[in-house]
Structure formats: structure tokens, C-alpha cells
Amino acid sequence: MARYTTEMRERALRMLGEARVDHPNQMTAIRHVAGLLGMSPETLRVWQRRYEVDAGARPGVTSDVVEENRRL
């Protein structure tokens, strides 16, 4: 499994945010950006969901809590 850098994740999410306005729905934008970056659309979709949870826009367990639980 390929590991992506934090910079790559941030870049992909920025690109997704910019591309969203040009597409009829989020999944179409995800497929477009993932194709441009040579990654799986599912990877980008998971990153987007995690970003929304961390930002408080979607219910769920934040990355900080997940990391703390892992540490314990």
C-alpha cells in the first residue's frame, strides 16, 4: 500500500475544494482530482471525510481522538 505525504494530502484536498464548483457532485470531483494525481478515488474520498470530521462539518471521531486512543 502506498503512503502519501502530508503535503500530498493537503494538496489533494485543496485541489478537490477548487474542483468541486466545476462538477455536478462531489464524487465526480473526487474522481477527476484523483485521476489527475494518479491515486485511487477511494483514497481521496476517505481523506475528504476525515477532513470534514476534523473540521466539525460531519459527525464522527476526530483524528486527535483516534490518535490518543491508539497511543493508550
Taking the Cα centre of the chain as the origin and placing charges on Cβ (Lys, Arg +1; Asp, Glu -1), which of 27, 15, 53 is farthest toward the positive end of the dipole? 27
With a probe of 1.4 Å, find how much accessible area the stretch 6-57 has per residue, and write the answer as a whole number in Å². 63
Trypsin sites (Lys or Arg not before Pro) within the chain: DSSP coil, no more than 10 neighbouring Cβ in 10 Å: 3
Accessible-area composition of the stretch 6-57, carbon plus sulfur, in percent [1.4 Å probe]: 50
Once you charge only the Cβ atoms, +1 for Lys and Arg and -1 for Asp and Glu, what is the size of the charge dipole of the stretch 6-57 about its Cα centre, to the nearest 20 debye? 100
Considering the chain, what Rg and Dmax in Å follow from its alpha-carbon atoms? 13.1, 43
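The values are calculated or read from the model by the stated rules, or taken from the named source; none is laboratory data. Values in this document were obtained by computation on a predicted structure and should not be read as measured data. FYI the Cβ positions are ideal-geometry reconstructions off the backbone, even for glycines, and counts take in every protein chain you see. Note: areas computed on protein heavy atoms with side chains; ligands, DNA, RNA excluded. Shrake-Rupley method; radii C 1.70, N 1.55, O 1.52, S 1.80 Å.
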